[in-house]
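All remarks here apply to the structure that follows.
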Amino acid sequence: MVEFFSILKPDKTDEFFSSLEIFIGHIHDSVVSMQKTLEHYCNDDIDAVKELSEKVLRSEKKADVIRRHMEQMLYKGVLVPFGREDKYNLLEALDDVADRAEIVVRIARIERPKVPDTIKDGLKDMASLVVKTSKNLRKSVLSLDKDLDKAIQEATSVELDRERVRNEEFKLLEILFSDKKNTKLQLMLIKELISLLGRVADRAEEAADRVTTIAVKYQN
């Protein structure tokens, strides 16, 4: 078993991994706040939507700060050349998850599409599944420093979670388009919101793929 971060310079190992833990924490927080935002959005609680969406934006900004710090560590040669590109790609993939969560809440606040009663519960369920995807991604990333086998196992869980999100996504779209009461504009706006939510899970799956690539490459 090879510990992924053992290839760091010894005096910087703790700093890099501590930064990574904070980084993935902010990313997960952004997804959790996004889920809560959508839940209150479905309940027409606009004040809560505004407050929670701001939490998403703050978490995303905090993640950006940490990511830039870690990229500077890579750029300055804190890490040996072996594996540097893999780490950089992982950081970018993880950051994309928070970026997508931010887009979801911004679109919800700007366009304010009315969610039909027929899909409110389903949309909440889908958002909860996206949170589960993010949670398992966090476990996978944090396992890189401890157990590469577990990192791969958790990454596989992310892929399975994404399949569940995708199934829920198509189920919602089917219900949405079968309801003749919805206007064309409403259909377009809600479809966009559902698709954007699905892309958060897409990005989580892509980040999990990066974890798997790293873990497989550095295993004995």
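The values are calculated or read from the model by the stated rules, or taken from the named source; none is laboratory data. Every value quoted in this text rests on a predicted model; they were computed, and no experiment measured them. Cβ: placed from backbone, ideal geometry, glycine included. Neighbour counts: every protein chain shown.
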Checklist entry - Can you tell which of Ile107, Ile119 is closer than 19 Å to Glu192 by Cβ and surrounded by fewer than 22 Cβ atoms within 10 Å (Cβ to Cβ)? => result Ile107
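Table: residues versus (1) in a helix (DSSP H, G or I); (2) free of Cβ contacts under 8 Å to residues at least 12 places away in the same chain; (3) closer than 17 Å to Glu206 by Cα; (4) in contact with a strand residue (DSSP E or B) (Cβ under 8 Å, 6 or more places away or on another chain).
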position: Ile110; (1), (2), (3), (4): yes, yes, no, no
position: Lys114; (1), (2), (3), (4): no, no, no, no
position: Lys120; (1), (2), (3), (4): yes, no, no, no
position: Lys132; (1), (2), (3), (4): yes, no, yes, no
Checklist entry - Among the residues of the range 44-54, is there at least one that is within 18 Å of the chain's Cα centre (by Cα) and buried (at least 18 other Cβ atoms within 10 Å of the Cβ)? => result yes
Item to check | Filtered residues of the range 89-102 (kept if over 15 Å from Lys55 (Cβ atoms) and either surrounded by 16 or more Cβ atoms within 10 Å (Cβ to Cβ) or in contact (Cβ under 8 Å) with a residue 40 or more places away in the chain (or both)) | outcome: Asn89, Leu90, Leu91, Ala93, Leu94, Asp95, Asp96, Val97, Asp99, Arg100
Checklist entry - Which is farther than 30 Å from Thr118 by Cβ, modelled with pLDDT of 95 or more and in a helix (DSSP H, G or I), of His40, His26? => result His26
Checklist entry - Do we find a residue being among the acidic types (Asp, Glu), assigned to a helix (DSSP H, G or I), surrounded by fewer than 14 Cβ atoms within 10 Å (Cβ to Cβ) and touching a helix residue (DSSP H, G or I) at 6+ places or on another chain (Cβ under 9 Å) anywhere in the range 137-159? => result yes
Next on the checklist: Please go through the range 144-172 and give me each residue that is touching a Lys or Arg at 6+ places or on another chain (Cβ under 7 Å) and under 19 Å from Gln35 (Cβ atoms), ordered by number.
Outcome noted: Asp161
Item to check | Out of Glu206, Glu192, Glu169, Glu111, sole residue that is charged (D, E, K, R) and under 20 Å from His28 (Cβ atoms) | outcome: Glu206
Item to check | Failed item in (1) within 20 Å of Leu90 (Cβ to Cβ); (2) of a type in the set (A, V, I, L, M); (3) in contact (Cβ under 8 Å) with a residue 60 or more places away in the chain; (4) surrounded by 21 or more Cβ atoms within 10 Å (Cβ to Cβ), with Leu197 passing the rest | outcome: (1)
